[in-house]
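> Take this structure, written in structure tokens, and hold onto it; I'll ask about it next.
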């Protein structure tokens, strides 16, 4: 049985958008997952998505350049959605970098399995906690649901990359710093007050070796406050992840034709 050209083209474009999303989004896009597994998952999701999409009425791909442009557009859509998700985890990692610097862990780095890049120990720890929270609230279901709805809001060849898309991505990028400050604020304030107290003690008691006391005190106090603020950390991330679905739909609406 020979499939219609329009259906074959639609399948190909859906596959490219799904593949781009899965290769870049946190969790699914981890380098620890084999590429063939990601391709297989993308193929399986494409088989699920295509039957629920409106059947194409005309051929989508006409010329060689048209093929490249159309598939490139689908790659950009999937990449934009994945970027919106990665920004939250980037904010968590930035918070860990800030705390690591404040607590004296800036020279201790580990390899992040999500990105294969060096990050601070605290950044990796908080990133791991964020991933566990994301899975606990069925965040992976959210990703697949948003990906499915992307084809309902932005059908193949109907994306519009306007200034609205740039403004939306810029706003989402700015939230990295907002989230990082919110996460790191409790420990940052505690460490700052401890350093202030040590500075006053150095003035009042010059004979005391404040530096030898300050380093272990800063580390111990930092970890204590981080541990005590874990419920706040979890609550903050749950709120951010729930807001993520709305951000993804807003991003899709900016790419849809008016």
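The values are calculated or read from the model by the stated rules, or taken from the named source; none is laboratory data. This structure is a prediction, so every number in the text was calculated from the model and none was measured. Cβ sites come from the backbone with ideal geometry, for glycine too, and all protein chains shown count toward neighbours.
> Could you check the range 202-214 and list, in sequence order, the residues that are closer than 20 Å to residue 103 by Cβ, in a helix (DSSP H, G or I) and out of contact with any helix residue (DSSP H, G or I) (no Cβ under 6 Å at 6 or more places or on another chain)?
Here is the first cut: in the range 202-214, the ones closer than 20 Å to residue 103 by Cβ are 202, 209-214.
If we keep only those that are in a helix (DSSP H, G or I) as well, we get 202, 210-214.
The answer is 211, 212, 213.
> Further question on the same structure: Identify all residues within the range 227-241 that are in contact with a helix residue (DSSP H, G or I) (Cβ under 9 Å, 6 or more places away or on another chain) and either part of a helix (DSSP H, G or I) or free of Cβ contacts under 8 Å to residues at least 24 places away in the same chain (or both); write none if there are none.
Those that are in contact with a helix residue (DSSP H, G or I) (Cβ under 9 Å, 6 or more places away or on another chain) and either part of a helix (DSSP H, G or I) or free of Cβ contacts under 8 Å to residues at least 24 places away in the same chain (or both): 228, 230, 232, 233, 234, 236, 237, 238, 240, 241.
> Considering the range 74-98 alone, what residues qualify as being in contact with a strand residue (DSSP E or B) (Cβ under 7 Å, 6 or more places away or on another chain) and crowded, with 21+ Cβ neighbours inside 10 Å?
If the condition is that a residue be in contact with a strand residue (DSSP E or B) (Cβ under 7 Å, 6 or more places away or on another chain) and crowded, with 21+ Cβ neighbours inside 10 Å, then 77, 93, 96 are the ones that fit.
> Tally the residues that are outside any helix (DSSP H, G or I) and touching a strand residue (DSSP E or B) at 6+ places or on another chain (Cβ under 8 Å), restricting the search to the range 134-159.
Adding up the residues that qualify gives 3.
> Quick check on residue 224: is it touching a helix residue (DSSP H, G or I) at 6+ places or on another chain (Cβ under 6 Å), in a helix (DSSP H, G or I) and either in contact (Cβ under 8 Å) with a residue 60 or more places away in the chain or closer than 24 Å to residue 91 by Cβ (or both)?
The answer is no for residue 224.
> Within the set of pairs 6 or more residues apart or between chains, which connect a residue that is closer than 18 Å to residue 73 by Cβ inside the range 136-155 to a residue that is surrounded by fewer than 17 Cβ atoms within 10 Å (Cβ to Cβ) with Cβ atoms less than 6 Å apart?
151/53; 153/256; 154/256
> When residue 180 is evaluated against the numbered criteria (1) assigned to a helix (DSSP H, G or I); (2) surrounded by fewer than 17 Cβ atoms within 10 Å (Cβ to Cβ), which criterion, by number, is the only one it fails?
All conditions pass for residue 180, except number (2).
> A further question follows. Can you tell me which residues in the range 168-186 are more than 19 Å from residue 97 (Cβ to Cβ) and out of contact with any helix residue (DSSP H, G or I) (no Cβ under 8 Å at 6 or more places or on another chain)?
Across the range 168-186, the qualifying residues are 170, 171.
A quick yes/no check of all residues on (1) without any contact (Cβ under 8 Å) to a residue 40 or more places away in the chain; (2) part of a loop (DSSP other than H, G, I, E, B); (3) surrounded by 14 or more Cβ atoms within 10 Å (Cβ to Cβ); (4) under 15 Å from the mean Cα position of the chain (by Cα):
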| position | (1), (2), (3), (4) |
| --- | --- |
| 127 | yes, no, yes, yes |
| 132 | yes, no, no, yes |
| 161 | no, yes, no, no |
| 169 | no, no, yes, yes |
| 175 | no, no, yes, yes |
| 187 | no, no, yes, no |
| 193 | yes, no, no, no |
| 196 | yes, no, no, no |
| 199 | yes, no, no, no |
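> Do we have any residue at all in the range 221-231 that's within 30 Å of residue 149 (Cβ to Cβ) and at pLDDT 90 or above?
Within the range 221-231, not a single residue is within 30 Å of residue 149 (Cβ to Cβ) and at pLDDT 90 or above.
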